[in-house]
Amino acid sequence: MDHQFEASIQIIVPGGHLRRAWALPGGVSAHVTALEVQTANGATQTYVVRQHHRDRVAKEAQILQLLQSQRVPVPRLYHTQLAEPAFLIEAFIDGEPNFDPDNIDAYVITMAHSLAQIHTVDVRTVDLSFAPLIADFCTQKLDNPPEHFHERLHEREVRAALQAHQHVVTHNAAVLLHGDFWPGNVLWRGDQVQAVIDWEDAALGDPLADVANSRREMLWFFGRDAMQRFTEAYRAQMPHIDYTHLPYWDLCMGLRPVGQMSSWCLDAAKKARFEERYRWFVQAAITQLSRRNAAHHEDFTHP
C-alpha cells in the first residue's frame with residue numbers, strides 16, 4: 001500500500017525514496033501514516049499522510065494553504081492528491097498530544113489562547129466559500145433523528161431543548177471554526193503548542209460552536225474545574241463575543257458524539273466516566289436554557 005506514495009514523494013523530494021512507513025495513532029475519521037524518506041544526498045525527512053474521502057481531503061488542504069500565512073500553527077502542506085485514493089502529505093510535527101499536563105491551569109489557558117487565535121483569522125481576507133456552515137450541521141442533526149434515542153445520554157431531552165430554541169439568532173460574526181478542537185488535535189513539545197492538526201471538520205459560524213465542543217472535551221478529560229477555567233480563559237481573550245447562547249451550542253455540539261462512543265475503544269471505566277460527565281454537561285445546559293426562558297417570559301408578561 002505504501003508504494004502508492006512513491007510518485008508523490010518524487011514530487012516533494014526529487015530523487016528521494018521511501019525508507020519506511022508506519023501508522024500513526026489517533027486517527028479516527030482519517031487514516032494517518034508517517035513516511036520516512038531518504039533524500040538524494042542521504043538526509044532523512046519525515047512526512048505525514050492523511051487519507052480520507054476526497055471532499056474532506058480537498059477541504060483540509062485548502063484550509064492548510066490558507067493558514068500558512070496566518071498566525072495559527074499548522075503543519076506545512078506539501079502535496080495533495082484528489083484522485084482516489086485521496087490523500088494529502090504534510091510536514092511531520094515534532095510534538096504530541098498532552099493528556100496529562102503537569103500544570104492544568106497553564107495547559108487550559110494555552111488551549112484557550114490557541115482556540116482564540118484560530119477565531120481571530122480575518123475571514124474577510126481569505127476565500128472560505130468551500131467551508132460548510134456550522135448552523136447547517138445543527139439543522140441536519142435535528143432534522144434527521146435516529147430510529148432509537150440514546151436514553152443513557154439524554155438524547156431525547158437534548159433534541160427537545162434544541163427544537164425549542166432552534167430559531168436562536170446569534171449576534172456573533174462568523175469565524176473560521178476548527179470543528180474538532182480537543183486535546184488530541186493539539187501537538188505540544190514541552191509547554192509550547194507546536195501545531196493544531198486535523199482540519200477536516202473546519203467550518204464557518206459562531207465561535208461558540210468551537211468553544212462548546214472544546215468545553216465538553218475539557219470536561220471529559222480533565223473535569224469540571226478545568227472546563228470552567230478553559231471557558232474563563234477564552235472569554236478573557238475574546239471579551240467582545242456575546243456568550244448568551246453558549247448553552248444552546250453546548251447542546252448542539254453535544255449531539256456530535258452521541259452514538260459514536262462505541263467506536264472509540266474506551267475501556268469500561270473511561271466510558272462510564274465520559275457518559276456521567278456528558279449527562280451532567282447537557283443537563284446543565286438544559287437547565288440554563290429553561291431558566292433563561294422563564295426569566296424572558298416573566299419580563300415579557302410583567303413590564
Query raised in the report: In this structure, is Val28 among the hydrophobic types (A, V, I, L, M, F, W, C), part of a loop (DSSP other than H, G, I, E, B) and at pLDDT below 95?
Result: yes
Query - Residues of the stretch 102-142 satisfying the condition of being small (Gly, Ala, Ser), loosely packed, with under 14 Cβ neighbours inside 10 Å and closer than 24 Å to Val168 by Cα - result: Ser129
Query - Selected residue (criterion: nearest to Met253 (Cα to Cα)) from residues of the stretch 151-163 that are touching a residue at least 60 places away in the same chain (Cβ under 8 Å) and surrounded by fewer than 18 Cβ atoms within 10 Å (Cβ to Cβ) - result: Glu157
Report summary line: Note: among Arg279, Arg256, Arg235, just one is under 19 Å from the mean Cα position of the chain (by Cα), assigned by TED's automatic domain parsing to the domain that holds Leu176, modelled with pLDDT of 95 or more and not small (Gly, Ala, Ser), namely Arg235
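So that you can scan it fast, the table gives a plain yes or no per residue for (1) at pLDDT below 95; (2) acidic (Asp, Glu); (3) within 20 Å of Asp242 (Cα to Cα):
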{"residue": "Asn98", "(1), (2), (3)": "no, no, no"}
{"residue": "Ser114", "(1), (2), (3)": "no, no, yes"}
{"residue": "Val126", "(1), (2), (3)": "yes, no, no"}
{"residue": "Ala135", "(1), (2), (3)": "yes, no, yes"}
{"residue": "Cys138", "(1), (2), (3)": "yes, no, yes"}
{"residue": "Pro183", "(1), (2), (3)": "no, no, no"}
{"residue": "Val193", "(1), (2), (3)": "no, no, no"}
Query raised in the report: Does Phe222 count as out of contact with any Lys or Arg (no Cβ under 7 Å at 6 or more places or on another chain) and either free of Cβ contacts under 8 Å to residues at least 60 places away in the same chain or farther than 23 Å from His165 by Cβ (or both)?
Result: yes
Query - Residue in the stretch 1-17 that is in contact (Cβ under 8 Å) with a residue 24 or more places away in the chain, surrounded by 15 or more Cβ atoms within 10 Å (Cβ to Cβ) and assigned to a loop (DSSP other than H, G, I, E, B) present - result: yes
Query - helices (runs of 4 or more DSSP H) wholly inside the stretch 191-290 containing at least 1 residues that are among the β-branched types (Val, Ile, Thr) and surrounded by fewer than 20 Cβ atoms within 10 Å (Cβ to Cβ) - result: 224-237
Report task. Tell me, please, whether a residue that is modelled with pLDDT under 95, surrounded by fewer than 20 Cβ atoms within 10 Å (Cβ to Cβ) and in the same structural domain as Gly254 (by TED's automatic domain parsing) can be found in the stretch 170-177. Result -> yes
Query raised in the report: Of all the residues that make up the stretch 31-44, how many are without any contact (Cβ under 8 Å) to a residue 40 or more places away in the chain and part of a strand (DSSP E or B)?
Result: 7
Report task. Considering only the stretch 16-44, state which residues are touching a Phe, Trp or Tyr at 6+ places or on another chain (Cβ under 8 Å) and either of a type in the set (S, T, N, Q) or in the same structural domain as His178 (by TED's automatic domain parsing) (or both). Result -> Thr33
Query raised in the report: Looking only at the stretch 151-169, which residues are assigned to a loop (DSSP other than H, G, I, E, B) and modelled with pLDDT of 90 or more?
Result: His154
Requested in this report: Answer yes or no: is there a residue in the stretch 59-76 that is surrounded by fewer than 20 Cβ atoms within 10 Å (Cβ to Cβ), in a strand (DSSP E or B) and outside the structural domain of Phe222 (by TED's automatic domain parsing).
Outcome: no
Requested in this report: Confirm whether Ala91 is within 14 Å of Ser8 (Cα to Cα) and modelled with pLDDT under 95.
Outcome: no
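The values are calculated or read from the model by the stated rules, or taken from the named source; none is laboratory data. Note that the coordinates shown come from a computational prediction; the quantities given were computed from them, not determined experimentally. Positions of Cβ are backbone-derived with ideal geometry, glycine not excepted, and every protein chain shown enters the neighbour counts.
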